[in-house]
Amino acid sequence: VDPVKFRPIKKDFSVKKQLGIDKDKIVILGVGRLVDKKGFKYLIEAAPSVLKNNKEIIFILVGDGDQKLHLEKLTKKLKVDSYFKFVGTINYDKLIDYYNFCDIFILPSIRDEKGNLDDQSVAVMDAMACGKPVVTTDFAGYRAVVEHGKNGYLVAEKDYKGITKSLLKLIESKKLRLSMGENNKNKIAKKLNSIEKEGRTG
């Protein structure tokens, strides 16, 4: 991870304003192609229970893919569409703004019907570098960077109830979000810094 490109920056509320999001809303962000293996379906299935406890939340999904229409229909079916924003593909240089104005990052990856597995995503580490707590799936690749309960939460594959439980813990405690985010920022700087690694090997 390049901690120069992805790092904590002062919150810029202009992007929130462009998206019509109140600055006091808790933002839960997902970044990735809208395909089956990213598991965003299970985030949407968790949303009704999350919103039952706290409605001052907005979910933002960055990316495009063949599941987009299906996911949008699912938000309407579950009557949570007003709490979701599908913003499409974002210029790579602009992603830092999205990582920084979110409060929680989530990527509920799964193994799809063809056996494709996304057990490590650079988006998870980019969010960590920006000092955000993460919720992701308990796969080996994610266990390598996420310590459950310390810098984020690992949930079972396709477990929307586990997603709900993890999100609510973070939503209910700003102190927890900040402490996990700080742990992530430090972890990236000390152990997963691509610049330092290039320097040592080059």
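The values are calculated or read from the model by the stated rules, or taken from the named source; none is laboratory data. Please read all numbers here as calculations on a predicted model, not as lab measurements. Virtual Cβ from ideal backbone geometry, glycine too; neighbours counted across all protein chains shown. We work out accessible area using only protein heavy atoms, side chains counted, and drop any ligands, DNA or RNA first. Shrake-Rupley method; radii C 1.70, N 1.55, O 1.52, S 1.80 Å.
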Among the residues of region 128-150, the number that are under 16 Å from residue 29 (Cα atoms) and open to solvent by less than 10 Å² (accessible area, probe 1.4 Å) is 8
Taking region 82-127 and the residues there that are of a type in the set (S, T, N, Q) and surrounded by fewer than 23 Cβ atoms within 10 Å (Cβ to Cβ), the one that is modelled with the lowest pLDDT would be 120
The condition of being under 24 Å from residue 115 (Cβ atoms) and of a type in the set (Lys, Arg) holds, among 55, 79, 37, only for 37
Of the residues in region 32-89, those that are of a type in the set (Asp, Glu) and either closer than 20 Å to residue 168 by Cβ or within 14 Å of the chain's Cα centre (by Cα) (or both) number 2
Taking region 1-27 and keeping only residues that are at pLDDT 75 or above, open to solvent by 90 Å² or more (accessible area, probe 1.4 Å) and under 22 Å from residue 125 (Cβ atoms), one is left with 7
